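I have placed the structure first, in the form of structure tokens, so that the comments after it can refer back to it.
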Amino acid sequence: MEAMNDLTPDLEQRARRVVTRWGHEPTRLLQILREVQEDFGYVPERAIPLIARYLRVPYSRVKGVASFYSFLVIGPQGEYRVLFADNVTDRMAGSERLLDALCKRLWAEPGKVSEDGLVSVGRTSCTGLCDQGPGLLVNGRAIGRLDDERVERIGELILARVPLADWPPEFFRIEDNVRRADLLLGHGLAPGDAIRAALRRGATGWSEHAANERSWREAYVGTAQGPVAVLEEIKRSNLRGRGGAGFTTGVKWEACRHATGLARYVVCNADEGEPGTFKDRVLLSSHADLVFDGMTVAAYAIGATQGYLYLRGEYRYLLESLERTLARRREAKLLGNGICGQPGFDFDVEIHVGAGSYVCGEESALIESLEGKRGVPRNRPPYPVTNGYLQQPTIVNNVETLCAAALIAVHGGDGYRSLGTLKSSGTKILSVAGDVARPGLYEYPFGVTIRQVLEDCGARNTQAVQISGPSGICIDSTEFDRRIAFEDLPTAGAFTVFDASRDMFEVARNYAHFFAHESCGFCTPCRVGTSMLVAAMDKIHAGNGTQHELREIGRLNKVLMMSAHCGLGHTACNPILDTLKRFRPAYERKLRSLDFTPSFDLDGALARARQMTGRDDEAAHLEASR
């Protein structure tokens, strides 16, 4: 099949067309490979040296990038590539049973291309549909609310080779499911309001410099007005990054503004890959103007003329809508040259689409991917604020943070800081999923208790809540009066609920498989350590585990914490250690023995050696020597 398809007579012409569309720029390599795959259904092996030649980069770089990202495939994958979400909430909703049903309907085997080359059915990580799962992707298009009837219909459409464009529109309808809105989700702002507010805050300083026909970038230097005034409002608000780590946004922006470089960049991290989170999906689909307003306010504050929105591959279906929004904003002078009629205020945004890599949510890995490379996290320092995209000063903020920055430009730092707690200003959007009556987005001022959220979403008989996905913390019912805040329970937004019917060991095992699947493989501790975690959890699951496995997990955690290259390895053991601490009986029920007894009698095997040496005293025995 590969050899035949690689003989496509116009392969070279089609590949060249894609490369030309991206300006023969090596930094666009991932976008080029993604579009080649969309054209052919996969990346043809013979296209790789062609792309390398057109971009004037080594073959190894193109092949390395093509093999790094899980959504890119070298070789045919069938006319229809179906990927079921393997997130724990999808499994709770019956995704594995539905996957098996579709495979039987299509005479396909999971993870393989069908004999006739029509379809491949496999699994992927969280698709951002946890509030309406089970979900899947078909050739990159998301379908949620799967049930037996819908899966049966999907099978019929595939067997009939019906183009996706002719599938029932309701299959692709994704709901926002906003259950509780506050300052952000209920903002009521028109496109450009935040930009105009930012300009008003520094109007005096701007007019001074504009009169001298100096560029906008020069205008902000050395003045207490203009961009500096906006930056001061961001600092006054005490806005902290909404990605989970909570670094102070104003400090990051100020460091970037003062850094030395030929250019500055604003990067919006829309690669929310943490299982259980889906807030960016809603913000990008229903509040895209607010996101781009926030990026533009950030550009105004730091002196950037170019921005990038890095869209996770699972949200590829949002690309056309986002591009239309950008086009409309350019026509309205909210992007491009002379934004809002201000000469020299030049800024534009380009969208880059990822291709299935959780680790690219880490800011330095995202920048590597943005530059057309494998998404391997960088050593730090230096940090992106001084050496980011193309080694130039760069700020990387997630979608919710930039939306909050737009609100601060309108309401002011003090107004924003009036919400929340002393150390956690503003509001936080929670992606609530799992065993709840009303899954969806809930926005609260910081300081809300876990108990309040559980009551609002209709949770019953809850035994555990996973805060901030598998890399976060799992709490039990004794901790439900704790609060969502940086000083107590910080979170990137995932809020996954498990009732008393759930096996918390199996929840942790699913997360262990997730980390092993998403490890980039760069460093040995993470690459090997996450595989060893999976092996230990699978052994316990199979009924062959002992206390030895539990002790080994503790030792693995120490190794990963000390020597893993990035946060993925550092947090890989979190869900296991948390559930062991709070739900240990769920593990012990599966152990073959609570005491470890080796299956191999080493002391007995040494009996022959003792006989040959004439030693049989107490010190010659293994137990005595311990």
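The values are calculated or read from the model by the stated rules, or taken from the named source; none is laboratory data. Please read all numbers here as calculations on a predicted model, not as lab measurements. Note: ideal-geometry Cβ built from the backbone for every residue, glycine included; neighbour counts use all protein chains shown.
Worth pointing out:
- The residue that is nearest to Ala15 (Cα to Cα), among those in region 31-61 that are out of contact with any Pro (no Cβ under 8 Å at 6 or more places or on another chain) and among the small types (Gly, Ala, Ser), is Ala47.
- A Cβ distance below 7 Å, combined with a sequence gap of six or more or placement on separate chains, defines the contacts here; from region 169-191, residues that are more than 19 Å from Tyr317 (Cβ to Cβ) reach residues that are assigned to a strand (DSSP E or B) and of a type in the set (D, E, K, R) in the pairs Arg180/Glu443; Ala181/Glu443; Asp182/Glu443; Leu184/Glu443; Leu185/Glu443.
- Candidate set: region 258-288, residues that are over 19 Å from Glu363 (Cα atoms) and among the β-branched types (Val, Ile, Thr); chosen: the one modelled with the lowest pLDDT: Thr260
- Filter pass, Ser285 being among the polar types (S, T, N, Q) and in contact with a Lys or Arg (Cβ under 8 Å, 6 or more places away or on another chain): no
- Of the residues making up region 398-412, not a single one is of a type in the set (D, E, K, R) and in contact with a helix residue (DSSP H, G or I) (Cβ under 6 Å, 6 or more places away or on another chain).
- Any hit, region 370-380, residues being modelled with pLDDT under 95 and not small (Gly, Ala, Ser): yes
- The helices (runs of 4 or more DSSP H) found wholly in region 316-427 and carrying at least 3 residues that are farther than 30 Å from Gly226 by Cα occupy 319-331, 363-370.
- Taking region 283-303 as the range and being buried (at least 21 other Cβ atoms within 10 Å of the Cβ) and out of contact with any helix residue (DSSP H, G or I) (no Cβ under 7 Å at 6 or more places or on another chain) as the test, only Ala299 passes.
The rows are residues; the columns are (1) at pLDDT 95 or above; (2) acidic (Asp, Glu); (3) on the phi < 0 side of the Ramachandran plot; (4) assigned to a helix (DSSP H, G or I).
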| position | (1), (2), (3), (4) |
| --- | --- |
| Val82 | yes, no, yes, no |
| Arg91 | yes, no, yes, yes |
| Leu98 | yes, no, yes, yes |
| Lys104 | yes, no, yes, yes |
| Glu115 | no, yes, yes, no |
| Ser120 | yes, no, yes, no |
| Asp131 | yes, yes, yes, yes |
| Leu157 | yes, no, yes, yes |
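This table checks each residue for (1) in the same structural domain as Val410 (by TED's automatic domain parsing); (2) surrounded by fewer than 17 Cβ atoms within 10 Å (Cβ to Cβ); (3) in contact with a strand residue (DSSP E or B) (Cβ under 8 Å, 6 or more places away or on another chain).
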| site | (1), (2), (3) |
| --- | --- |
| Gly155 | no, no, no |
| Ile158 | no, no, yes |
| Pro163 | no, yes, no |
| Asp166 | no, yes, no |
| Arg179 | no, no, yes |
| Leu184 | no, no, yes |
| His187 | no, no, no |
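- Residues being in contact (Cβ under 8 Å) with a residue 40 or more places away in the chain and either in a strand (DSSP E or B) or surrounded by fewer than 23 Cβ atoms within 10 Å (Cβ to Cβ) (or both) - total across region 133-143: 7
- Those residues of region 244-260 which are surrounded by 17 or more Cβ atoms within 10 Å (Cβ to Cβ), in contact (Cβ under 8 Å) with a residue 40 or more places away in the chain and over 25 Å from the mean Cα position of the chain (by Cα), in sequence order: Arg257, Ala259
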